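Please treat every number below as a calculation from the coordinates, not as lab data. Since we're looking at a predicted model, the values are computed, not measured. Please note: Cβ atoms are built from the backbone with ideal geometry, for glycine as well, and neighbour counts cover all protein chains shown.
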């Protein structure tokens, strides 16, 4: 709020000096507009605290203390979270993994999701064992495990297909021993690259989901490479 | 009716404000260190958060209300002058001169 105070009359000036407002007293004339230019004495800023002084515009109230306390605690919490991240940021989260493939089957079927031609579809049964306990620390909420197959074909130098995945929450049994698992997802090639492929590598990898910080993607040490059969299985119904 | 509320002291003096700030900073920092070490040892970051929240709650209780311990050094104000009419009130020198012209 801005008021322009003008010197109009002696009393008015005194009154203005006292109150901060421009005042024209009764019985006098405001001569400043009468013929000559008004003489600006001062520009008076009136802060909002003029209108409500107690208790909202005091410097230190319970509310302002609560504000600074909350802000300080939040900063401390942020620093602790960063500390949690930094204590685990350089940890090696690789563990040995045992993958063993017990059965491989290859079919040549219509791929309705893809090019609508007959494509190679692999079926793999596998055993998996890994002790994931060393991965878990105070900055790990869960692991997202996935088993992927990698292979090269004539059309693509690298194909990656996720066959199976699993979420291991913190506090669950983290010593993984799985026998004769079927893959969760179809192992489709986008052509006929699976038949007689000599080198299809299965790897278990995991995303480490942290409380704070980066989301590392780790590959387990230990993989299995296997050749695929030369012939398709023919089934009467599937 | 409001005089009853107005008579409740709500302020802290300046030393009290400083003391309150030091107290809550100390409590929150100490609880942060304890929580960090404890969480690191038992490998549960949740406990770190809980301990810091406990420190926050304790400092809320200790420093938000204006307890009497924060009012121990009141400001020494000048004694109040007796009420007098506006004309008799002391004026700035320049105004006074003009008035007696």
On the Cα set of segment A:97-226, report Rg and Dmax in Å, please. 16.1, 49
How many angstrom lie between the C-alpha centres of segment A:187-216 and segment B:1-69? 51 Å
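Given R₀ = 25 Å, what would the calculated FRET efficiency be for residue A:215 paired with residue A:75, taking r from the Cβ atoms and rounding to 0.05? All intermediate terms of the calculation are to be shown ahead of the outcome.
Numbers: r = 25 Å, r/R0 = 0.98.
Approximately 0.55, to the nearest 0.05.
Count, for each residue of A:80-89, the Cβ atoms from other chains sitting within 10 Å of its Cβ, then give me the mean as a whole number.
On the way: counts 10, 3, 0, 6, 6, 0, 0, 3, 3, 0.
Counting other chains' Cβ atoms within 10 Å and averaging over A:80-89 gives 3.
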Once Rh for segment A:163-212 is found with the Kirkwood sum over Cα pairs, what is the Stokes-Einstein diffusion coefficient at 25 °C and 0.890 mPa s, in µm²/s? 172 µm²/s
Which order, highest average first, do A:100-113, B:9-22 follow once you tally other Cβ atoms within 10 Å for each residue and take the mean per peptide? B:9-22, A:100-113
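Quick one: A:90, A:144, fewest Cβ neighbours within 10 Å first, how do they rank? Don't skip to the answer; put the middle values down first.
Numbers: A:90 6, A:144 15.
Result, fewest neighbours first: A:90, A:144.
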Take the Cα atoms of segment A:91-172, build their convex hull, and give its volume per residue in Å³. 144 Å³
Take peptide A:67-74, look around each residue's Cβ out to 10 angstrom, count Cβ atoms belonging to other protein chains, and average those counts. 5
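As a test of the definition: which semi-axes, in Å, follow for segment B:25-69 when you take the square root of five times each eigenvalue of its alpha carbon gyration tensor? Largest first, please.
On the way: eigenvalues 126, 16, 5 Å².
In descending order the semi-axes read 25, 9, 5 Å.
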